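The values are calculated or read from the model by the stated rules, or taken from the named source; none is laboratory data. Computed from a predicted model, the values in this text were never measured in an experiment. Positions of Cβ are generated from backbone atoms using ideal geometry, with glycine treated the same way; all protein chains shown enter the neighbour counts. Note: accessible area is taken over every heavy atom of the protein model, side chains too, but ligands, DNA and RNA are not part of it. Shrake-Rupley method; radii C 1.70, N 1.55, O 1.52, S 1.80 Å.
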Amino acid sequence: MNKQELEKIKQKALEEHIPIIMDDTLEVIAKYLKNIKPKKILEIGTAVGYSAICFSQYLADDGKIDTIERDEERIKEAKINIKKAQVDSKINIYEGDAVEVLPSLSDKYDVVFIDAAKGKYPFFLKESLRMLNTNGIIFADNILYKGYVMSDYNKHKQRTAVRNLREYIKEVSENPNLETEILEVGDGLAISKIK
Ligand code: SAH
Ligand code: MG
């Protein structure tokens, strides 16, 4: 893949205020992916394809990424970007709301990256666990949501998101089959590994 092309995709996304993965978060996930060499990654929240393109370089030779996005404009741009990055044979976009798409999937995944509607994280977790391989790992981005999740004052606007992010943290922490770390990189990253 062409580094310059990837940098252009990143800059354009940043200019358009599309919430792409932050550099330090990507660095952490990349370290894991290098070791795992995943065959299948599931991503919830494609946006314009930036994170999926980044992850694709760590796949096993015949590895694939399934990624879900509901915003038509972003899907259009993601397709263009994925083609430009010459990884269209490795990345498949499911177009639609993840709440509807996820229950229709039955593949197994080595890695799941949750990066979409914060109010739906507990549901995304349940569906991810259903499809996670033994030794699988789930990354959840934006888990600390600008610090709101760990503070006791939240504006009305963020209340549902914060409640559900807390619920996600509670569920992964209490699940006896998972080992979870919460990192303060980017907007907060939860890493849950199957024990
Ligand atoms: N992973 C991307 C950024 C994703 S931003 C990257 O790092 O490059 C979050 C995206 O999730 C947005 O584009 C938004 O449209 C999408 N999204 C939010 N809720 C969703 C849902 N319920 N189903 C599908 N897509 C959703
Ligand atoms: Mg994010």
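Is there a residue being over 21 Å from GLY63 (Cβ atoms), open to solvent by 70 Å² or more (accessible area, probe 1.4 Å) and more than 17 Å from the chain's Cα centre (by Cα) anywhere in the range 104-113? Taking every residue of the range 104-113 in turn, at least one turns out to be over 21 Å from GLY63 (Cβ atoms), open to solvent by 70 Å² or more (accessible area, probe 1.4 Å) and more than 17 Å from the chain's Cα centre (by Cα).
Does ALA47 count as within 17 Å of ASP141 (Cα to Cα), within 16 Å of ligand 2 (Cβ to nearest atom), in contact with a Phe, Trp or Tyr (Cβ under 8 Å, 6 or more places away or on another chain) and of a type in the set (Gly, Ala, Ser)? It is false that ALA47 is within 17 Å of ASP141 (Cα to Cα), within 16 Å of ligand 2 (Cβ to nearest atom), in contact with a Phe, Trp or Tyr (Cβ under 8 Å, 6 or more places away or on another chain) and of a type in the set (Gly, Ala, Ser).
Return the only residue of LEU144, LEU189 being in contact (Cβ under 8 Å) with a residue 12 or more places away in the chain, under 19 Å from VAL28 (Cα atoms) and touching a Gly at 6+ places or on another chain (Cβ under 7 Å). Being in contact (Cβ under 8 Å) with a residue 12 or more places away in the chain, under 19 Å from VAL28 (Cα atoms) and touching a Gly at 6+ places or on another chain (Cβ under 7 Å) holds for just one of LEU144, LEU189, which is LEU144. Selection of helices (runs of 4 or more DSSP H) fully inside the range 2-65 by the criterion of at least 3 residues being open to solvent by less than 10 Å² (accessible area, probe 1.4 Å) returns 23-36, 50-56. Restricting the search to the range 10-23, which residues are of a type outside the set (Gly, Ala, Ser) and within 9 Å of ligand 1 (Cβ to nearest atom)? Correct list: LYS10, ILE18, PRO19, ILE20, ILE21, MET22.
All of (1) closer than 21 Å to ASN2 by Cα; (2) open to solvent by 10 Å² or more (accessible area, probe 1.4 Å); (3) part of a helix (DSSP H, G or I) hold for GLN86 with one exception: (3). Has the range 122-143 got any residue that is more than 20 Å from ILE169 (Cβ to Cβ), open to solvent by less than 10 Å² (accessible area, probe 1.4 Å) and assigned to a helix (DSSP H, G or I)? Taking every residue of the range 122-143 in turn, at least one turns out to be more than 20 Å from ILE169 (Cβ to Cβ), open to solvent by less than 10 Å² (accessible area, probe 1.4 Å) and assigned to a helix (DSSP H, G or I).
Scanning the range 149-195 for residues that are farther than 17 Å from MET22 by Cβ, open to solvent by 40 Å² or more (accessible area, probe 1.4 Å) and in contact with a helix residue (DSSP H, G or I) (Cβ under 7 Å, 6 or more places away or on another chain) returns THR160, ARG166, GLU167, GLU171, THR180. Going by the structure shown, is GLU73 exposed (fewer than 13 other Cβ atoms within 10 Å of the Cβ), part of a helix (DSSP H, G or I) and of a type in the set (Asp, Glu)? Spelling it out, GLU73 is indeed exposed (fewer than 13 other Cβ atoms within 10 Å of the Cβ), part of a helix (DSSP H, G or I) and of a type in the set (Asp, Glu). Going through (1) of a type outside the set (Val, Ile, Thr); (2) open to solvent by less than 10 Å² (accessible area, probe 1.4 Å); (3) within 11 Å of ligand 1 (Cβ to nearest atom) one by one, TYR94 falls short only on (2).
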